[in-house]
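Here the structure is laid out as structure tokens; the discussion comes afterwards.
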Amino acid sequence: KMVKIETTLGTLKVMLYNETPQHRDNFLKLVKEEFYEGVLFHRVIKGFMIQAGDPESKTADSLTHLGAGGVGYTVPAEIVFPQLYHKRGALAAARQGDMVNPEKKSSGCQFYIVQGQTFTDEQLDQMEKRIAYQLRMREPFHYTEEQRIAYKTFGGTPHLDGQYTVFGEVVEGFDVLQKISEVETGRSDRPVEDIKILKMKIVKR
């Protein structure tokens with residue numbers, strides 16, 4: 001399934017993964033309900049990611065602290081790692097931290113899209129050790145050659161791997177992702193000028 005995300009800075013198209021059916025179906029449900037119309041990209045960190053989906057952002061003034069709004073439910077984690085990973089353009093679910101959410105359940109509506117940065121082989125070696133430790137793997141962990149190439153040339157946020165549910169990826173509009181990630185931000189990484197989702201729609205291709 002594909003979803004077109006029209007924003008005030010241009011249009012992105014994302015493909016949703018079938019490997020994460022609960023996240024896919026929940027996202028499609030919200031798109032059909034027009035839930036995302038008018039929500040802001042309320043948190044933008046260049047070299048990291050852009051985040052949206054807080055319903056409170058639709059009506060918030062510029063001083064409101066955003067990021068805590070939701071739909072009243074969470075989605076069980078569907079972390080399909082190492083297959084699905086945080087390459088540039090990955091669409092993933094935001095969530096509360098491990099302290100209050102050890103099961104890594106996803107926000108019912110908030111998502112982020114990875115902009116990320118590129119990594120060297122040495123940095124990826126370190127990352128592999130860290131991931132093996134964090135996920136308490138018995139065997140050493142290694143990225144595939146394809147994943148390494150993606151992180152080295154295209155970029156991403158490997159330090160989030162295995163911790164958040166990745167449920168889709170950008171297939172068109174990387175220039176828009178770049179444009180959004182470069183806007184000026186103020187307090188709490190909120191863009192100074194609102195970047196709004198005008199509408200989302202399910203498309204065939």
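Which of the lysines could be linked to LYS201 by a straight reach, that is with a Cα gap under 19 Å, when you skip same-chain ones fewer than 8 residues away?
LYS1, LYS4, LYS13, LYS29, LYS32, LYS58
Over the C-alpha atoms of the chain, what are the Rg and the largest Cα-to-Cα span, Dmax, in Å?
Spelled out, the Cα radius of gyration and Dmax of the chain are 16.4, 50 Å.
Need one number: nm distance between label points at MET99 and GLU37, each 7 Å from Cα along Cα→Cβ, rounded to one decimal.
So the label points at MET99 and GLU37 sit 3.9 nm apart.
Relative to the longest principal axis of the C-alpha atoms of the chain, give the angle of the C-alpha long axis of helix 21-32, reported between 0 and 90° and rounded to the nearest 10°.
That helix lies at roughly 20 degrees to the long axis.
From the backbone phi of region 67-76, what are the Karplus-calculated ³J(HN,Hα) couplings (6.51 cos²θ - 1.76 cosθ + 1.60, θ = phi - 60°) in whole Hz, Gly and Pro given as x?
Taking θ as phi minus 60°, the curve returns x, 9, x, x, 10, x, 8, 10, 10, x Hz for region 67-76.
For the pairs LYS129/LYS204; LYS152/LYS179; LYS152/LYS199, note any where the Cα-Cα span goes beyond 31 Å.
In this structure, LYS129/LYS204; LYS152/LYS199 exceed 31 Å between Cα atoms.
Long-range amide H contacts for GLN115: which residues qualify at under 5 Å (H placed 1.01 Å from N, peptide plane, sequence gap of 5 or more or a different chain)?
The list, which skips near neighbours in sequence, is PHE48, MET49, ILE50, GLY89.
For Cα pairs less than 8 Å apart in space and 6+ apart in sequence, what is the mean separation divided by the residue count of the chain, i.e. the relative contact order in percent?
Reported as a whole number, the value is 37 percent.
Can you tell me the relative contact order of region 114-160? Whole percent, Cα pairs under 8 Å, sequence separation 6 or more.
Relative CO of region 114-160 lands at 59 percent.
Calculate the dipole size of the chain relative to its Cα centre from +1 charges on Lys and Arg beta carbons and -1 charges on Asp and Glu beta carbons; express the result in debye to the nearest 20.
In debye, rounded to 20, the chain gives about 380.
Gaussian network model of the chain, Cα springs within a sub-10 Å range: biggest mean-square fluctuation belongs to which of SER181, SER106, SER62?
SER62
With θ taken as phi - 60° and the coefficients 6.51, -1.76 and 1.60, list the Karplus ³J(HN,Hα) couplings across region 54-62 in order, rounded to whole Hz; mark glycine and proline as x.
Couplings: 7, x, 5, 6, 5, 10, 6, 7, 5 Hz.
Counting only Cα atoms, I'd like the Rg/Rh figure for region 6-128, Kirkwood definition for Rh.
Rg divided by Rh gives 0.97.
Please list, in order along region 79-95, the HN-Hα scalar couplings obtained from phi with the Karplus expression 6.51 cos²θ - 1.76 cosθ + 1.60 (θ = phi - 60°), rounded to whole Hz, x for Gly and Pro.
Using θ = phi - 60°, the values come out as 8, 9, 10, x, 4, 9, 9, 8, 6, 4, x, 4, 9, 9, 8, 6, 7 Hz.
For LYS4, what accessible area in Å² do you get when you roll a 1.4 Å probe over the heavy atoms of the protein chains, rounding to the nearest 10?
70 Å²
Carbon and sulfur: what percent of the chain's accessible surface (1.4 Å probe)?
About 50 percent, which is the carbon plus sulfur part of the accessible surface.
How large is the direction-averaged shadow of the alpha-carbon convex hull of region 95-205, in nm²?
The number I arrive at for region 95-205 is 9.7 nm².
Residues with amide H under 5 Å of THR185's amide H, sequence separation 5 or more or different chain, H placed in the peptide plane at 1.01 Å from N; which?
Amide H neighbours of THR185, under 5 Å, 5+ apart: VAL192.
The values are calculated or read from the model by the stated rules, or taken from the named source; none is laboratory data. Computed from a predicted model, the values in this text were never measured in an experiment. For neighbour counting, all protein chains shown are included, and Cβ atoms are generated from backbone atoms with ideal geometry for every residue, glycine included. Each accessible area value is taken on the protein alone, full model and side chains, heavy atoms only, with ligands, DNA and RNA left out. Shrake-Rupley method; radii C 1.70, N 1.55, O 1.52, S 1.80 Å.
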